[in-house]
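See structure below.
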Amino acid sequence: MKRVVVDPMNRIEGHLRIEVVVDEATGKVQDALSSGTAWRGIELVLKDRDPRDAYLFAQRICGVCTSVHALASLRAVEDALAIEIPRNANYMRNIIATQQIVQDHLIHFYHLHALDWVSPVEALKADPAAAVLLQNGILDTYQLPFAGPVEMNTSAFSHDFPKATGAYFRDIQGKIKQIVDSGQLGIFAAHWWEHPDYTILPPEAHLIAVAHYLNMLDRQKDIVASHLVFGGKNPHPHYVVGGMPCSISMNDLNAPVNSQRLAVVDTSINLAIACVDSFYLPDVLAIGDSYVKKGYVDGGGLAKERALGYGDFPDDRYSGITNGDFHKNLLLRSNGVVENFALGFTGATYHNLDANDLTDPAVLMEGVDHAWYAYPQAGDLHPWNGITDPQFTAPKEGTKTSWKSLDENGKYSWIKTPKWRGKMAEVGPLSRYIIIYTKVKQGIIQPTWVEKMIVDQIDAVSKVLNLAPEKWMLSMVGRTACRALEAQVMAYLSKYYYEKLVKNIRSGDTTVANMNMWDSAKWPKEAKGVGIHEAPRGALGHWIVLRDTKIANYQAIVPSTWNACPRDSNGAHGAYEASMVDTRVKVVDKPLEIMKVVHSFDPCLACATHLYNSEGKSLAIAHSDPYRC
């Protein structure tokens, strides 16, 4: 047995340490630990502050998905104060959210995850002429058509996407060669390019993917134009409790929202659709198909046992979340828990999750048995009663500042352990797809157009791969593919909300905010609220307690809390840990498969990789930051 340490992970923002115990003879991971090595602490920052300012602080929890915490925070405060936002505000917020998801998923694959699958070194072996044929074949085979309730105009930028000429690919190949020959790989530095997994794809696929990697560097910023138009900036756009801060005038050229600026939003949405339809989704499906045909269907982990979601994207205004109104008109009813999807949708068990469950301490809770926090008494706590009391302890081997190995029997992470009815669950695009597919196929719901599109996507991919959904979805490939499929849904959903916004403005409604409860003198002495959102990485929840117009308690259970959490009091693994245990590695000292499976969750990690053996001796250090010494 060999203990391999990856700390911190490369190419991702944040701080995460992974330890795995591998059977060197079989490559099977016997045990795994996931440790969040940075303390968030935003809950204490928010205590005693004005709730109208909460979203400004809360959205700084993350600098990658730049608006999701703001949305959850706003919904929590508005839920506590019974504020119903106007239609225009609902549409604007949903456009910002859907475009955020598309951009986040694009960045995740091309700029954070793609280099786990493709290699610039392999791209040098490609025949540019053969790459042209492969590019066209990928589009013919893996493009999925859209069928929705509105006519979509996707002409923007599509005339030069995707480029597929011999001259173009030769030029890209020349640029890659210059980088490789210089010995300074820059953005392609610090990886195990000699790993055998990089020979699974033909060299031409590597060249195409690297070209698209570079394409998306230029395009991803344009996809979030709605953040600038409606929220003033990106990252961290502005909002206001009660709606949006941008006034509407179709005639005033200086108005925050007018006909010209709405056209900018429309163009960015069309760009997002083109990027997903012609680049992202075909690339992911082509790579996934190659891997699945080679038998790479491991890494499903906890998703096989339990997937959880909250639901999102209200089609119209709603009066609150905890009163149940939010869940009455959602286009994405991924609220619920599905157990045992590994048995297929016929053998899976669905459990409803609604507004009452969000407030029930017997349903949702957090534990700290293996986290560096202290509770005043044994047991788990509902977020409204949550306590953030940091208590750091030393690792099993090493010191507080120099770790050798974590204490799997003690505390080893700054991340708490969230639970649904005492059990851990996976969240994210894969979970949302599992839940929607199960609910529709079991006849639990009649699908909205969004849900029908999701089911159709899953069935179409299953046909291409010639595998049942539970065979390909419950894997690192499936988790990555569902993220790309969701990007397509969100791109078209953004267009749907845009058309609703324009239609509503044309009807004469220009209201963007409900300020009836802005005056704190109108607030109750004490109030509680819940804000939920299906963020790019999964189910996100913020819980707030107000007392005497100030925040008395604030707790957030974020998607990476669900997925990256340490084991529970019974020794059961969280989603990252379970997925690693469900994975085999070919080269123990170069665990590329572990990188793939953890990166498939789109976690927030740091910028370099260190490997140690069981004695703590450094085997290799791989820096992914070209400016790091």
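The values are calculated or read from the model by the stated rules, or taken from the named source; none is laboratory data. Predicted model only: the values in this text are computed from it and were never measured. Cβ atoms come from the backbone with ideal geometry, glycine included; neighbour counts cover every protein chain shown. Protein only, heavy atoms only, side chains kept; ligands, DNA and RNA dropped before computing areas. Shrake-Rupley method; radii C 1.70, N 1.55, O 1.52, S 1.80 Å.
Within region 293-327, the set of residues being assigned to a helix (DSSP H, G or I) and loosely packed, with under 15 Cβ neighbours inside 10 Å comprises just one member, Lys293. Residue count for region 390-410 satisfying the condition of being part of a loop (DSSP other than H, G, I, E, B) and open to solvent by 60 Å² or more (accessible area, probe 1.4 Å): 8. Residues that are over 31 Å from the mean Cα position of the chain (by Cα) and surrounded by 14 or more Cβ atoms within 10 Å (Cβ to Cβ) within region 481-508 comprise just one, Ile505.
Answer yes or no as to whether Gly574 is open to solvent by less than 10 Å² (accessible area, probe 1.4 Å), out of contact with any Lys or Arg (no Cβ under 6 Å at 6 or more places or on another chain) and modelled with pLDDT of 95 or more. Against the criterion (open to solvent by less than 10 Å² (accessible area, probe 1.4 Å), out of contact with any Lys or Arg (no Cβ under 6 Å at 6 or more places or on another chain) and modelled with pLDDT of 95 or more), Gly574 qualifies. Only residues that are at pLDDT 95 or above and either aliphatic (A, V, I, L, M) or buried (at least 18 other Cβ atoms within 10 Å of the Cβ) (or both) were counted across region 232-243, and they come to 5. Test Ile172 against the stated conditions and say whether it is at pLDDT 70 or above and touching a Gly at 6+ places or on another chain (Cβ under 7 Å). The answer is no for Ile172. Would you pick out the residues in region 282-340 that are under 21 Å from Gly478 (Cα atoms) and among the basic types (Lys, Arg)? Lys293, Lys294, Lys304, Arg306, Arg333 - these are the residues of region 282-340 that are under 21 Å from Gly478 (Cα atoms) and among the basic types (Lys, Arg). The residues of region 328-355 that are assigned to a loop (DSSP other than H, G, I, E, B), within 12 Å of Thr438 (Cβ to Cβ) and over 23 Å from the mean Cα position of the chain (by Cα), listed by number, are Gly344, Phe345, Thr346, Gly347, Ala348. Tallying residues that are at pLDDT 90 or above and open to solvent by 40 Å² or more (accessible area, probe 1.4 Å) within region 131-164 yields 5.
You will find that of Ala394, Ala425, Ala374, the residue that is among the small types (Gly, Ala, Ser), in contact with a strand residue (DSSP E or B) (Cβ under 9 Å, 6 or more places away or on another chain) and touching a residue at least 60 places away in the same chain (Cβ under 8 Å) is Ala425 and no other. Just so you know, in region 21-37 the residues that are among the hydroxyl-bearing types (Ser, Thr, Tyr) and in a strand (DSSP E or B) include one that is nearest to Lys2 (Cα to Cα), and it is Ser34. Residues in region 432-462 that are among the small types (Gly, Ala, Ser) and in contact with a Lys or Arg (Cβ under 9 Å, 6 or more places away or on another chain): 1 in all.
Mind listing just one residue for me: the one in region 24-55 that is among the aliphatic types (A, V, I, L, M) and touching a residue at least 24 places away in the same chain (Cβ under 8 Å) and, of those, nearest to Thr388 (Cα to Cα)? Top of the filtered list is Leu44.
Residue by residue, here is whether (1) more than 18 Å from His533 (Cα to Cα); (2) aromatic (Phe, Trp, Tyr); (3) in a helix (DSSP H, G or I) holds:
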residue: Ala82; (1), (2), (3): no, no, no
residue: Ile96; (1), (2), (3): no, no, yes
residue: Asp104; (1), (2), (3): no, no, yes
residue: His108; (1), (2), (3): yes, no, yes
residue: His111; (1), (2), (3): yes, no, yes
residue: Ala114; (1), (2), (3): yes, no, yes
residue: Leu133; (1), (2), (3): yes, no, yes
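Summed over region 450-467, residues that are open to solvent by 40 Å² or more (accessible area, probe 1.4 Å) and either on the phi < 0 side of the Ramachandran plot or of a type in the set (Asp, Glu) (or both) total 6.
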